[in-house]
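Asker: Before I ask anything, here is the structure I am working with.
The values are calculated or read from the model by the stated rules, or taken from the named source; none is laboratory data. None of the values given here were measured: they were computed from a predicted structure. Neighbour counts run over all protein chains shown; Cβ positions are idealised from the backbone, glycine included. Protein only, heavy atoms only, side chains kept; ligands, DNA and RNA dropped before computing areas. Shrake-Rupley method; radii C 1.70, N 1.55, O 1.52, S 1.80 Å.
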Amino acid sequence: MIIDCHGHFTTAPKELRAYRNKQVEAFEAGKTDGFEALRDFSDEELFEGLKSSQMKLQSDRGIDLALFSPIAGMMGHHLGNEAMSRHWTRTCNDLIHRVTTAFPKNFAPVAQLPQSPGVRPDNCLEELEFRVKEQGFVGCNVNPDPAGGYWTDPPLTDDWWYPLWEKLVELDVPAMIHVSGSCNPNFHHTGAHYLCGDTTAFMQLLLSDLFKDFPTLRMVIPHGGGAVPFHWGRYRGLAQDMGRPPLKELLLKNVFFDTCVYHQPGVNLMSEVIPVENILFGSEMVGAVRGIDPETGFAFDDTKRYVDSLGIGDADKQKIFEDNARRVYPRLNAWIEQHAA
């Protein structure tokens, strides 16, 4: 089985974006609660783009199942207030639940959380527990920078975050550490903010003993880990200079990386630097890069081709394509078994 650990509902109806814009406009006009509900889409409206694009590409590219969450760039935790974030999060997670209930062989649900700048992550626990226990969600996305490019909240390793880490451990679900849109004009959201967020989160973890407090907590750093694999020697050296344990001992029992790296040399590098047990197949399609690579004639985000071409054995490819995802997202096993018929 080919499991894509990184999928977003990027083919949602365009009306969803218009609804979100109106919600933001209402907040800016003074509305702070009681936000208007999203119109109830028909199945045809909700699934049209999904079937014609993402599900078709899954079939064409040989992907069996994708872990599916709301559009990361639209989480928009920096917009509005806590009440609006909660309302928007529930709206988006409801759509994910509906998609994954309709197409459980294609998609397994991953939750957005109702984060808001300056608001303790305790406010996420109710939504997370409901989605996991009541609706079978297998993971969640955690935004390390709800301020949208200004990083006003404490690092992920601060005890400010501990209630959320405790709940993830209790529920036995991992977090994908994924920023959202950037409101800082210095940082393009997918080309800079995403990769900076990945790299920043890794460095925060390197500086801490978080996993001594939470030895079973698991985090997936997307987009190949940002700069991390390319600068692995730098991080090993920094850890050594600061008297930290070796990275394999310090982080690699708990931190994992996906293959959302859109060229063969990048994925080759990952496989040479990062232990295969820490790499999960991911494509993020249809997402940040949607075009055809003129050098290869294939889509940039057709990442299965890159893993297929790696000079590693079939057993290691099996780990990347399936086994690691089942291990990092253990609730995924029950989802697959439940919907195998």
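Asker: From the list Asp258, Asp293, Asp301, which one is charged (D, E, K, R), closer than 25 Å to Gln54 by Cβ, in contact (Cβ under 8 Å) with a residue 12 or more places away in the chain and in contact with a Ser or Thr (Cβ under 6 Å, 6 or more places away or on another chain)?
Answerer: Of the residues listed, the single one that is charged (D, E, K, R), closer than 25 Å to Gln54 by Cβ, in contact (Cβ under 8 Å) with a residue 12 or more places away in the chain and in contact with a Ser or Thr (Cβ under 6 Å, 6 or more places away or on another chain) is Asp301.
Asker: Kindly evaluate Gly73 against the criterion of being of a type outside the set (Val, Ile, Thr) and under 16 Å from Val179 (Cβ atoms).
Answerer: In short, yes.
Asker: Another one. Out of everything in segment 52-94 that is open to solvent by 60 Å² or more (accessible area, probe 1.4 Å) and not charged (D, E, K, R), what residue ends up being nearest to Glu15 (Cα to Cα)?
Answerer: Per the criteria, the residue is Ser52.
Asker: Would you confirm whether any residue within segment 150-157 is of a type in the set (Phe, Trp, Tyr), crowded, with 21+ Cβ neighbours inside 10 Å, touching a helix residue (DSSP H, G or I) at 6+ places or on another chain (Cβ under 9 Å) and not in a strand (DSSP E or B)?
Answerer: For segment 150-157, residues of a type in the set (Phe, Trp, Tyr), crowded, with 21+ Cβ neighbours inside 10 Å, touching a helix residue (DSSP H, G or I) at 6+ places or on another chain (Cβ under 9 Å) and not in a strand (DSSP E or B): absent.
Asker: Something else now. Any idea how many residues of segment 164-190 are under 14 Å from the mean Cα position of the chain (by Cα) and open to solvent by 30 Å² or more (accessible area, probe 1.4 Å)?
Answerer: Residues in segment 164-190 being under 14 Å from the mean Cα position of the chain (by Cα) and open to solvent by 30 Å² or more (accessible area, probe 1.4 Å): 1 in total.
Asker: Any idea which residue in segment 25-51 is most open to solvent (accessible area, probe 1.4 Å), counting only those that are small (Gly, Ala, Ser) and in contact (Cβ under 8 Å) with a residue 24 or more places away in the chain?
Answerer: Applying the filter and picking the extreme gives Ala37.
Asker: Suppose the filter is open to solvent by 20 Å² or more (accessible area, probe 1.4 Å), closer than 20 Å to Val119 by Cα and either without any contact (Cβ under 8 Å) to a residue 12 or more places away in the chain or not in a strand (DSSP E or B) (or both); does Trp161 pass it?
Answerer: The answer is no for Trp161.
Asker: Further question: Can you tell me which residue within segment 309-341, out of those that are touching a Gly at 6+ places or on another chain (Cβ under 9 Å) and open to solvent by 10 Å² or more (accessible area, probe 1.4 Å), is farthest from Asp4 (Cα to Cα)?
Answerer: Gln338
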